[in-house]
1. Expressed as cubic angstrom per residue, what is the convex hull volume of the alpha carbon set of the range 77-119?
2. Which value in Å does the Kirkwood hydrodynamic radius of the range 98-186 take, with 1/r averaged over all unlike C-alpha pairs and then inverted?
3. With label points built 7 Å along Cα→Cβ from the Cα atoms of Ala23 and Tyr41, find their separation and express it in nm.
4. Positive end of the charge dipole of the chain (Lys, Arg +1 and Asp, Glu -1 on Cβ, about the Cα centre): tell me which of Gly10, Ile135, Leu173 has its Cα farthest that way.
5. Once you have the Cα-Cα distance between Arg74 and Asn160, take 0.36 nm times their residue separation minus that, and quote the gain in nm to one decimal.
6. Using only Cα atoms and rounding to the nearest 10 degrees, what angle (0 to 90) does helix 163-188 make with the longest principal axis of the chain?
7. To the nearest 0.05, what FRET efficiency results for Leu54 and Lys129 with a Förster distance of 45 Å applied to their C-beta separation?
8. Show log10 I(q)/I(0) for the chain at q = 0.12, 0.15 Å⁻¹, two decimals, from a solvent-free Debye sum over equal Cα scatterers.
Amino acid sequence: MIKLALFASGNGTNVQQIAEYFADNDKVKVELIIANKKDAYVRQRAKNLGIDELYYGRDSFYNTNIVLEELEKRGIDFIILAGFLWLIPKNLLTSYNNRIINIHPALLPQYGGKGMYGHNVHKAVIANKEKESGITIHYVNEHYDQGQIIFQAKCDISPNDTADDLAAKIHELEKEHFPKVIESIVISQ
Ligand code: GAR
């Protein structure tokens with residue numbers, strides 16, 4: 001069995017979609033959900049889904065090996081960032097080289113980097129009157145949003161679209177593509 005750990009900071013719609021997609025899969029399993037915000041709704045989703053969930057704060061992530069030890073103890077093969085908003089610490093990058101995958105809600109290299117996450121991205125895209133946006137699935141390195149791109153998908157933006165409208169289009173793309181792209185990567189790698 002290929003085991004995934006999903007990292008998330010907020011609502012967790014992507015976590016839910018990935019967990020549901022793999023629920024009956026005989027090759028890939030969502031083993032663990034890790035949150036870095038105590039009150040993130042994704043923690044409740046994890047409980048509802050019946051998947052183990054752990055919370056770690058900044059000190060545990062950046063100044064200890066606690067997270068890495070937990071992942072190794074459980075035999076985690078891949079880390080999936082599903083709306084996780086912190087840089088990944090060096091110890092995880094080293095141990096999970098090319099086995100950490102992120103989704104970004106824009107067409108990188110545009111609209112990436114520090115501070116460009118979630119709704120901030122959509123507001124910036126709309127403010128610049130872009131005609132299209134999309135999603136980027138990429139490997140994770142030590143810089144925000146700069147790892148090798150694996151997959152992109154686009155959506156059109158209508159002149160009257162608000163940031164909320166765009167967010168809804170992006171969530172549709174994420175739902176359609178992220179679980180399938182994860183599956184193809186983890187099975188082939
Ligand atoms: C998603 O749109 C994801 O692409 C984005 O955060 C959202 C989380 O939504 N990720 C980033 O911005 C990473 N830089 P969710 O918690 O409902 O899945």
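1. Roughly 82 Å³ of hull volume per residue.
2. About 13.1 Å for the range 98-186.
3. Taking the simple label geometry, Ala23 and Tyr41 are separated by 1.9 nm.
4. Value computed over the given set: Gly10.
5. 26.2 nm
6. Around 40 degrees separate the two axes.
7. Efficiency computed from Cβ-Cβ geometry: 0.60.
8. Evaluating at q = 0.12, 0.15 Å⁻¹ gives log10 I(q)/I(0) of -0.55, -0.86.
Each reported figure results from applying straightforward, stated rules to the coordinates on display, with no laboratory input. What you see is a predicted model, and the numbers here were worked out from it, not measured in a lab. In this analysis, Cβ positions are derived from the backbone assuming ideal geometry, glycine residues included, and neighbour counts consider all displayed protein chains.
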